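The values are calculated or read from the model by the stated rules, or taken from the named source; none is laboratory data. The model shown is predicted, which means the values in this text are computed figures rather than measured ones. With ideal geometry, Cβ positions are generated from the backbone for all residues, glycine too; neighbour counts draw on all protein chains shown.
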Amino acid sequence: MIYPTHLQPGDTIGIIAPAGPADSDRLRRGMFFLEEMGLHVKLGKNIHQVYGYLAGTDEARLADFHEMVTDPTIKAIFFARGGYGTGRIVSAMNYDTIKNNPKIIWGYSDITYLHTAIRQKAGLITFHGPMVASDISKDDFDELSAGMFKQLFAPAELIYSEAISPLHIHAPGEVTGVLVGGNLSVLVSTIGTAFEIDVKGKILLIEDIGEEPYRVDSMLNQLNLTGKLAEAAGIVVGDFANTDTEKNLTRTMEQVFDDYFNTLPIPVMSGFKIGHCLPHFAVPLGTAATLSTKRKTLILQPGVK
């Protein structure tokens, strides 16, 4: 794996919207947070475009990404928001260019498609973390979430324990492997494509938002039937936000998790505040991680050099 170089105060970061359009006011508030960390900000040329539910045409969004990758003054690429659209541009990305210009790439949700494609095609470690306009700009953006950006300024081991949130054991064990994954619905949408998520021998992270239990059941069933759950070395269940159980009172999200995870011969824990939530524990994808149900911890190796 390729480790991007850590940030230093005074570095310039690029912000683009490769999926849905970002609210301008929220984008400005998020930029102020980054500037307070001592960073300079450069916006993508097309970041304010709106093309229906997309932040500009596929060509415009892809052009912004490639420009940030090749610009030697840009040390990191942060995404304004998720939504939908990154899966539309991954087949046209230049992965050799990404590999030859490694830099920090930070975001989550629909960005899961980019994380997966870039890791598997370019071998670059990326970061699953809160985004500029959809998270950082919130009035209740908390201290723990803000502190997660420190991992970009110096190599640092990250430790998630029950000091952050209660964790529930579905299947016991301890394993060390590369952490991969992200948004569950996006991961499922990669199956059968050239960018299908590779989980063999790896620790799989899943999270999502606004999905009813039957929808999560369906997606986990697809992962199960395609052999993904059997191939994984461990599973980290992040936050499943804004779930609606009132429409399906016979099954809760916890019961769905139990159905698919409790009999697996690998360690599985849920309750991690990773995803569409605050606090949002940001993690590097592609680095080694150790999941231990005995200690109830997830330990992650640094994602920068």
Q: Mind listing whichever residues of the range 183-215 are in a loop (DSSP other than H, G, I, E, B), within 18 Å of Val256 (Cβ to Cβ) and in contact with a Lys or Arg (Cβ under 8 Å, 6 or more places away or on another chain)?
A: Glu212
Q: Run down Ser91, Ser145 and say which single residue is of a type in the set (Gly, Ala, Ser), closer than 25 Å to Leu27 by Cα and either assigned by TED's automatic domain parsing to the domain that holds Val180 or part of a helix (DSSP H, G or I) (or both).
A: Ser145
Q: Scan the range 58-69 and report the pairs whose first residue is at pLDDT 95 or above and whose second residue is in a helix (DSSP H, G or I) and among the small types (Gly, Ala, Ser), with Cβ atoms within less than 8 Å and a gap of 6+ or a chain change.
A: Asp58/Ala92; Leu62/Ala92
Q.
Can you tell me which of (1) under 19 Å from Phe261 (Cα atoms); (2) small (Gly, Ala, Ser); (3) assigned to a loop (DSSP other than H, G, I, E, B) is the one Ala163 doesn't meet?
A. (1)
(Q) Please verify whether Ser134 is at pLDDT below 95, surrounded by 23 or more Cβ atoms within 10 Å (Cβ to Cβ) and closer than 21 Å to Ala17 by Cβ, treating the condition exactly as stated. (A) yes
Q: Select from the range 283-296 the residues that are more than 16 Å from the chain's Cα centre (by Cα) and either outside the structural domain of Glu207 (by TED's automatic domain parsing) or not in a strand (DSSP E or B) (or both) and list them in ascending order.
A: Thr293, Lys294, Arg295, Lys296
Q) Is there a residue being in a loop (DSSP other than H, G, I, E, B), on the phi < 0 side of the Ramachandran plot and surrounded by 16 or more Cβ atoms within 10 Å (Cβ to Cβ) anywhere in the range 9-17? A) yes
Q) List pairs: first in the range 291-305 and at positive phi, second of a type outside the set (Phe, Trp, Tyr) and surrounded by fewer than 20 Cβ atoms within 10 Å (Cβ to Cβ), Cβ under 7 Å, 6+ apart or cross-chain? A) Lys296/Ser161; Lys296/Glu162; Lys296/Leu167
Q: Could you check, for the range 20-36, whether at least one of its residues is part of a loop (DSSP other than H, G, I, E, B), of a type in the set (S, T, N, Q) and out of contact with any helix residue (DSSP H, G or I) (no Cβ under 7 Å at 6 or more places or on another chain)?
A: no
Q. When you look at Asp139, is it closer than 30 Å to Gly38 by Cα, at pLDDT below 95 and either part of a loop (DSSP other than H, G, I, E, B) or in the same structural domain as Val90 (by TED's automatic domain parsing) (or both), yes or no?
A. yes
